[in-house]
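Q: Dropping a structure here in structure tokens format, bear with me for questions.
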Amino acid sequence: MRVLMSFWLSICVLCTGAVNAQQLPGPNVAVAAALQPFIERQELAGAVALVADMKSILSITAVGAADRESGKPMRADSMFWIASQSKPITAAAVMILVDEGRITLDDPVEKYLPEFRGLMAVAEKDEQHVLLKKPERPITVRQTLAHTSGMPFRSAQEVPVLDRLSLADRVRSYAMTPLDFVPESRYQYSNAGINTAARIVEVVSGLPFEQFLAERLLQPLGMLETTFWPDEAQAARIATAYRPGAGGIGLEATKIEQLQYPLTDRLQRTAMPAGGLFSTAADVSRFYRMLANGGELDGRRVLSEAAIQQLTTRQTPTALKESYGLGFSVSEDRFGHGGAYSTNSYYDHRNQRVLIWLVQHAGFPGRGGDSQAAFRTAALAPQ
């Protein structure tokens, strides 16, 4: 294996797809310097770190390798599996139909998906028995997006990969699975809940979810590099995934274990709204800049200000410690979401900055996990 002890800064001269062939901004020297030690210690293979304000991208810094073995450098337009960063994007698609009055957040899921009628919840459980009871109220659309529905993380039919079943079949498997708890009594992170909300979009709109998402959200925002199925050219730009090497030392290449290969296969692979999207840093920044601008980007309104408010503020009951909006992790000073393989993106209210952190890591050796914090510190330092 070729070990790369240096790092690369990559500036995309011709921007692809989503930014309409305009040049991307250059790198942030302070961010590059902060990340260089992680690259040199082989604790981080490579990353794309983007900083934007409400109006535009301020810097995009590509460091390290997209593929260490071949020596291919990370580029500003490298693509990544953004995993659960898909959840806020799916929630925004739901809110388009809420804005149109076609979905109501506090409606029971069974209004749109009759297979959920009579869904039971676990009341008691031990090694000997499981006692089920019918909840006083059925689960709602809002609860599926806020992880308080009681739905499991996934169903048994989604093992070992998450992109094998159609969305309709996937959601039917959830409807046959008892809730883990009475709705709103607990918080439980749930791919099943987000996928169920996406299925409601399909039923209400009459379109496959991926088509609705593309036509009503991704294309209007210019997010033309965001997809469940990278084409061959995009697949060539996907950063290789890495994990800690033997004994937790160094890095070794790995696959994205949750997905089927080839990633370009539209026949065997299905859209997975809770975590299936691939994208670039520039594309993801357009989504967050739309949110920061109250639902508009480049003079085009995609969502109402009321929808943005619901998405990005706490929807979990105050009795619970977890603070989650609709598809977003939220706090007083930021909203955003991370993803498997260590990606993360958010809008920082206090500093009025969008920070996009794209890596492809199934864990880090040494202090590699501190690399995102190093990016944040450098990105927000006074100039």
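Q: For the ranges 60-70, 168-178, what's the packing order if you count other beta-carbon atoms within 10 Å of each residue, average per peptide, and put the highest first?
A: Output ranking for 60-70, 168-178: 60-70, 168-178.
Q: List the residues, sorted by chain then number, that are 5 or more residues from Arg353 or on another chain and whose placed amide H is less than 5 Å from its amide H.
A: The answer is Asp348.
Q: Separate question: Label-point separation (nm) for Arg186 and Gln383, each offset 7 Å from Cα along Cα-to-Cβ?
A: So the two model labels end up 4.8 nm from each other.
Q: Right, something else. What distance in nm separates the simple spin-label points at Met176 and Lys134, each placed 7 Å from Cα in the Cβ direction?
A: Output for this residue pair reads 2.2 nm.
Q: If you count, for each residue, the other Cβ atoms within 10 Å and average over each peptide, how do 202-210, 47-55, 342-350, 75-83 line up from highest to lowest?
A: In descending order of packing, they fall as 75-83, 47-55, 342-350, 202-210.
Q: Under 10 Å, Cα contacts only: if you run a Gaussian network model on the chain, which one of Leu259, Leu303, Leu320 comes out with the highest mean-square fluctuation?
A: It is Leu320.
Q: Let me ask something else about it. Just to be sure I understand: of the beta bridges DSSP finds with both ends in the chain, what percent are antiparallel, rounded to 5?
A: 95 percent
Q: Using modelled amide H (1.01 Å from N, peptide plane; none on Pro or chain starts), what sits under 5 Å from the amide H of Leu297, excluding residues fewer than 5 places away?
A: Hits under the 5 Å cutoff: Val302.
Q: Could you list Tyr261, Tyr187 in order of exposure, starting from the residue whose Cβ has the fewest other Cβ atoms within 10 Å?
A: Tyr261, Tyr187
Q: For a quick check: with amide H placed at 1.01 Å from N, whose amide H comes under 5 Å from Ala123's, ignoring anything fewer than 5 positions away on the same chain?
A: Leu131, Leu132, Lys133
Q: Report the one residue of Ala197, Pro262, Ile39 whose Cα lies farthest in the direction of the positive end of the charge dipole of the chain (charges on C-beta: Lys and Arg +1, Asp and Glu -1; origin at the Cα centre).
A: The one lying farthest along the dipole's positive direction is Ile39.
Q: Can you tell me the relative contact order of the stretch 43-187? Whole percent, Cα pairs under 8 Å, sequence separation 6 or more.
A: 17 percent
Q: Quick one: Karplus J couplings for the stretch 73-82, per residue in order, coefficients 6.51, -1.76, 1.60, θ = phi - 60°, nearest Hz, x for Gly and Pro?
A: x, 5, 10, 4, 9, 4, 9, 9, 6, 8
Q: Let me ask another. Let's see if you can work this out: charge +1 on each Lys and Arg Cβ, -1 on each Asp and Glu Cβ, no other charges. What is the dipole magnitude of the chain about its Cα centre, in debye to the nearest 20?
A: Once rounded to the nearest 20, the dipole reads 220 debye.
Q: Would you be so kind as to identify all helices of the chain, as entire DSSP H runs, whose Cα atoms reach 15 Å or more along the helix's own axis and whose mean Kyte-Doolittle hydropathy is at least -1.0?
A: 29-40, 86-99, 191-205, 281-292
Q: Turning to a different aspect of this structure: When the Karplus curve 6.51 cos²θ - 1.76 cosθ + 1.60 is applied with θ = phi - 60°, which whole-Hz ³J(HN,Hα) does each residue of the stretch 209-216 get, with x for Gly and Pro?
A: After applying 6.51 cos²θ - 1.76 cosθ + 1.60, I find 4, 4, 6, 4, 4, 5, 6, 9 Hz.
Q: Report the relative contact order of the stretch 232-310, percent, no decimals, based on alpha-carbon pairs under 8 angstrom and at least 6 residues apart.
A: This gives 14 percent for the stretch 232-310.
Q: Right, something else. Counting only C-alpha contacts under 8 Å and six or more residues apart, can you give the relative contact order of the stretch 226-377 as a whole percent?
A: With pairs under 8 Å counted, the relative contact order is 22 percent.
Q: How far apart, in nm, are the 7 Å Cα→Cβ label points at Ile249 and Ser331?
A: That separation, rounded to one decimal, is 3.5 nm.
Q: While we're looking at this one, here's another question. Give the Debye-formula value of log10 I(q)/I(0) at each listed q (0.12, 0.19 Å⁻¹), with one equal scatterer per alpha carbon of the stretch 68-163, two decimals each.
A: After summing over all Cα pairs, the log10 values are -0.61, -1.12.
Q: Also, quick follow-up: Got a sec to turn the phi values of the stretch 156-163 into Karplus ³J(HN,Hα) couplings, 6.51 cos²θ - 1.76 cosθ + 1.60 with θ = phi - 60°, whole Hz, x for Gly and Pro?
A: Karplus values, whole Hz, x for Gly and Pro: 4, 6, 9, 10, x, 10, 9, 10.
Q: What number results when the radius of gyration of the chain, computed over Cα atoms, is divided by 2.2 N^0.38 Å?
A: Cα-based Rg divided by the globular estimate yields 0.98.
Quick note: the coordinates plus some simple rules give every number you see, no bench work behind them. Just so we're clear, the structure is a prediction, and the values are computed from it rather than from any experiment. Reconstructed Cβ throughout: ideal geometry from the backbone, glycine too, with neighbour counts over all protein chains shown.
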